[in-house]
């Protein structure tokens, strides 16, 4: 296409080098630009990974924003019941609100589950049925004690915005299996909102723009705003061709990776107009499947979360690399829309309502994946940003506890029925095989066939990675 002078970019230093450099200088420049150590462009055809044979191909992250109490769910502490109402026998670190009470036992009974005997409380009766398929990390720790920083840290490895989310890293590292859908999708339903920290928690950071999360409303009239075409396909195609022509002209002269990423996003958005409405339309699912996920439940939040779980299965069937699910607010015990597991009061009511919301849907997802032969190469993650204190806040709540909590992993390559690490007798501090989110993600990437130390991106003169300069694969939970 020929463009009038108004639309032609001026000659830049970069374009001059591209057009004019000759001899040994151009050879040296070509060598530098071809070295991954000096940069990575959005147009790279081959993604960095996998580095070895993967055990899993995709991830579903059940993120429990607000902080699930480990001592009430996956980390049994009978000592709490024995010391009910007594002062803590060890020094207590400052908490979020410093309204600290005495030791508080769990209102839920723990039981040995499955053939492995893994202990899980009655808070999660449906997930407990899959005890032999999950590996619980009981020695997780975080560097932060506040929700927004905790959410960023749990997603990106850094306690502040500007860095890529784990989903963006997986999309960048493995590429896409479906050109019509993004590699990283966050599902919402029933009025769910992003965790504290906002949509930046799902950001691509400095990675190319096509790796940022797309947020889909699993139960909305339109899963994405304006996803239904407002004009004919012919007009849309002409518009995109014009924009692409302009961008291509600019790229030939400036070679800007951000522009190339934008071109990819335009094309993906165009194709999503057909793909997204189809994947969110669950009318073709059997009544038995809908009932399995609890879509017929009279409790709106439970049905809404179950729908997210079902749509997550449909997404990974279509090749989406990383799907994250969002909890809905129950407004009990201080837990609000952005952090619904945050029970600073009314722990029994609040945690009970939240567990009831997600338990059936997550268990159904595992069952459904197994029935369809997808469980063996799909990872399911379950974690919040931190745990909760073994002593009460006020009379019936628990404050934030980043010094020891639980997360679990299930699916491809995971040694099920496993408990890794331990907190002390009161569940306060991680004391055995202490783990971090760096270790958590090093293990996830390993199961996806990626060496976490090699998945890097150069930005601001430094090679960044999801695990920063830390992280070790937790080999004990790898089958």
Quick one: in the stretch 368-382, which of the residues that are touching a residue at least 12 places away in the same chain (Cβ under 8 Å) and part of a loop (DSSP other than H, G, I, E, B) is farthest from residue 132 (Cα to Cα)? 372
Looking at the stretch 443-463, is at least one residue closer than 21 Å to residue 145 by Cα and at pLDDT 95 or above? no
Under 6 Å between Cβ atoms, which residue pairs at least 6 apart in sequence (or on different chains) link something in the stretch 57-70 that is under 16 Å from residue 175 (Cα atoms) with a partner that is in a loop (DSSP other than H, G, I, E, B) and at pLDDT 95 or above? 58/321
Any residue at all in the stretch 319-327 that's farther than 20 Å from residue 383 by Cα and crowded, with 16+ Cβ neighbours inside 10 Å? yes
Within the stretch 421-438, identify whether any single residue is part of a helix (DSSP H, G or I) and closer than 30 Å to residue 373 by Cβ, and answer yes or no. no
Taking the conditions exactly as written (in contact with a strand residue (DSSP E or B) (Cβ under 9 Å, 6 or more places away or on another chain), at pLDDT 95 or above, farther than 30 Å from residue 452 by Cα and surrounded by 17 or more Cβ atoms within 10 Å (Cβ to Cβ)), does residue 60 satisfy them or not? no
Give the stretch 466-477 a look and list any residue that's in a loop (DSSP other than H, G, I, E, B) and in contact with a helix residue (DSSP H, G or I) (Cβ under 8 Å, 6 or more places away or on another chain), or say none. 466, 467, 468, 470, 471, 472, 473, 474
Does residue 160 satisfy being without any contact (Cβ under 8 Å) to a residue 40 or more places away in the chain and within 30 Å of residue 456 (Cα to Cα)? yes
Of (1) surrounded by fewer than 24 Cβ atoms within 10 Å (Cβ to Cβ); (2) under 14 Å from residue 47 (Cβ atoms); (3) at pLDDT 95 or above, residue 177 satisfies every one except (3)
Report whether or not residue 378 is buried (at least 23 other Cβ atoms within 10 Å of the Cβ), within 26 Å of residue 89 (Cβ to Cβ) and touching a strand residue (DSSP E or B) at 6+ places or on another chain (Cβ under 8 Å). no
Matching entry among 93, 77 (being at pLDDT below 95 and within 30 Å of residue 473 (Cα to Cα)): 93
When residues of the stretch 429-463 are filtered for being over 21 Å from the mean Cα position of the chain (by Cα), surrounded by fewer than 24 Cβ atoms within 10 Å (Cβ to Cβ) and at negative phi, how many remain? 8
Hey, any hits in the stretch 39-58 for a residue that's outside any loop (DSSP other than H, G, I, E, B) and either farther than 25 Å from residue 445 by Cβ or under 19 Å from the mean Cα position of the chain (by Cα) (or both)? yes
Given the criterion within 19 Å of residue 392 (Cβ to Cβ) and either touching a residue at least 24 places away in the same chain (Cβ under 8 Å) or buried (at least 20 other Cβ atoms within 10 Å of the Cβ) (or both), identify the matching residue among 118, 80. 80
For the stretch 180-200, how many residues meet the condition of being surrounded by fewer than 23 Cβ atoms within 10 Å (Cβ to Cβ) and either at positive phi or part of a helix (DSSP H, G or I) (or both)? 5
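Go over the candidates 418, 423 one by one and state the one that is touching a residue at least 40 places away in the same chain (Cβ under 8 Å), crowded, with 18+ Cβ neighbours inside 10 Å and in contact with a helix residue (DSSP H, G or I) (Cβ under 7 Å, 6 or more places away or on another chain). Spell out how you get there, then give the answer.
Numbers: 423 fails: in contact with a helix residue (DSSP H, G or I) (Cβ under 7 Å, 6 or more places away or on another chain).
Going through 418, 423 in turn, the sole match is 418.
The values are calculated or read from the model by the stated rules, or taken from the named source; none is laboratory data. Everything numeric here is computed off the predicted structure, so don't read it as measured data. Virtual Cβ from ideal backbone geometry, glycine too; neighbours counted across all protein chains shown.
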